[in-house]
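Undergrad: Provided herewith is a single structure, encoded as structure tokens, for subsequent inquiry.
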Amino acid sequence: MNWQDHIHIDSEVMLGKPIVKGTRITVEFILNLLAQGWSLKQILENYPRLTVEDVEACLAYAAPNRAS
């Protein structure tokens, strides 16, 4: 999984927070949903522009040993 294919950072968008490309959905938001117990299915149903790979990229981005 290459998170760079799915995550974008632009200081002009969402105050420079990392977002899922093509959306204004932040990595932080997705991680918070997962932390609250949302399932992958619930996320995809509620945010149909997201893909499984997008959510996996959020997790990969947040991993402490991620490659820049």
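Undergrad: Within segment 18-30, how many residues are closer than 15 Å to ASN2 by Cα and either of a type in the set (Ser, Thr, Tyr) or open to solvent by less than 50 Å² (accessible area, probe 1.4 Å) (or both)?
TA: So the first thing to find is which residues in segment 18-30 are closer than 15 Å to ASN2 by Cα, and the list is 18-21, 27.
Those still in the list that are either of a type in the set (Ser, Thr, Tyr) or open to solvent by less than 50 Å² (accessible area, probe 1.4 Å) (or both) too: 18-20, 27.
Qualifying residue count for the region: 4.
Undergrad: Taking the options LEU15, LEU33, LEU50, LEU59, name whichever one is free of Cβ contacts under 8 Å to residues at least 12 places away in the same chain and surrounded by 15 or more Cβ atoms within 10 Å (Cβ to Cβ).
TA: Working: LEU15 fails: surrounded by 15 or more Cβ atoms within 10 Å (Cβ to Cβ); LEU50 fails: free of Cβ contacts under 8 Å to residues at least 12 places away in the same chain; LEU59 fails: free of Cβ contacts under 8 Å to residues at least 12 places away in the same chain.
None of the other options fit; the residue is LEU33.
The values are calculated or read from the model by the stated rules, or taken from the named source; none is laboratory data. Note that the structure is predicted; figures quoted are calculated from it, not measured. We place every Cβ from the backbone using ideal geometry, glycine too, and count neighbours over all the protein chains shown. To get the accessible areas, we keep the full protein, side chains included, count just its heavy atoms, and leave off ligands, DNA and RNA. Shrake-Rupley method; radii C 1.70, N 1.55, O 1.52, S 1.80 Å.
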